[in-house]
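Asks: I am attaching a structure below and will ask some questions about it afterwards.
The values are calculated or read from the model by the stated rules, or taken from the named source; none is laboratory data. As the structure is a computational prediction, the values presented were derived from the model and not from experiment. Ideal geometry is used to build each Cβ from the backbone, glycine not excepted, and the neighbour counts take in all protein chains shown. Ligands, DNA and RNA are excluded from the accessible area calculation, which covers all protein heavy atoms including side chains. Shrake-Rupley method; radii C 1.70, N 1.55, O 1.52, S 1.80 Å.
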Amino acid sequence: MRKEVELGSVINEVMAKLAKPGLLLGSGEQCNPMTIGWGSYGIMWNKPVFTIMVRPVRYSFELLERNGDFTINVPSDDMKKEIGICGSKSGRNKDKLALCGFTRKKSENISVSYIKECPIHLECRTVFYNDVTAAALDKNLIDRHYPKADLHRYYYGEILGAYIEE
Ligand SMILES: Cc1cc2nc3c(=O)[nH]c(=O)nc-3n(C[C@H](O)[C@H](O)[C@H](O)COP(=O)(O)O)c2cc1C
């Protein structure tokens, strides 16, 4: 059963899993799951905000451009295979929910669904976006992360609700 909780009671676990093993971003009406390893949490405009970085080549980028709502789904410890699938296959030509055996469920506050099998979910609505610009970024980071010049777009999502599966 899903229960709404204080963001403060789950955010440490969300952040602990961001870099390793990764979180599952849900975007688009069909909740295409994509593994993310970069992002941040903070207070901006007096709101709790989760920021994600998405490269323009991703199908998720296309979905976010159509609809800025997204869900952050925290995988359970036994979801290594699913994180691999969602981080290597594209929703453009694969139904990753089906490949992972995931169930999408309607969110409370936004039009994008969440993944029921994940123990923690955040519902976010984009309130701002901007792009990484080569002119403003440390040259070492450009050389290391952008050999194809596919600079990320940041999406700043106001966190409208935090939930756990009990
Ligand atoms: C651990 C891990 C972390 C990743 N983090 C990001 C990320 O933060 N941003 C991004 O654009 N791609 C990231 N990727 C790559 C995407 O998950 C991958 O390209 C995915 O297949 C794109 O799916 P889509 O085309 O359905 O959007 C990551 C992949 C892995 C394995």
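Asks: Looking for whichever is charged (D, E, K, R) and more than 30 Å from GLY8 (Cα to Cα) here; the options are ASP95, ASP77. Which one fits?
Replies: Working: ASP77 fails: more than 30 Å from GLY8 (Cα to Cα).
Every option except ASP95 fails the conditions.
Asks: Also, quick follow-up: When you scan region 50-62, do you find a residue that is within 17 Å of GLU158 (Cα to Cα), within 12 Å of the ligand (Cβ to nearest atom), among the hydroxyl-bearing types (Ser, Thr, Tyr) and in contact with a strand residue (DSSP E or B) (Cβ under 6 Å, 6 or more places away or on another chain), even just one?
Replies: Yes, the conditions are met somewhere in region 50-62.
Asks: If I ask for residues that are exposed (fewer than 15 other Cβ atoms within 10 Å of the Cβ) and either among the aromatic types (Phe, Trp, Tyr) or assigned to a loop (DSSP other than H, G, I, E, B) (or both), which ones from region 39-48 would you list?
Replies: Once the filter is applied, which keeps residues that are exposed (fewer than 15 other Cβ atoms within 10 Å of the Cβ) and either among the aromatic types (Phe, Trp, Tyr) or assigned to a loop (DSSP other than H, G, I, E, B) (or both), region 39-48 yields TRP45, ASN46.
Asks: Identify the single condition in (1) within 21 Å of VAL132 (Cα to Cα); (2) outside any loop (DSSP other than H, G, I, E, B) that THR71 does not satisfy, given that it satisfies every other one.
Replies: (1)
Asks: I'd like to verify a number: residues in region 1-33 that are touching a residue at least 60 places away in the same chain (Cβ under 8 Å), open to solvent by less than 40 Å² (accessible area, probe 1.4 Å) and in a strand (DSSP E or B), how many?
Replies: So the answer is 6.
Asks: Still on this model: What do you reckon, is MET44 among the hydrophobic types (A, V, I, L, M, F, W, C) and either over 15 Å from the mean Cα position of the chain (by Cα) or more than 13 Å from the ligand (Cβ to nearest atom) (or both)?
Replies: When the stated conditions are applied, MET44 passes them.
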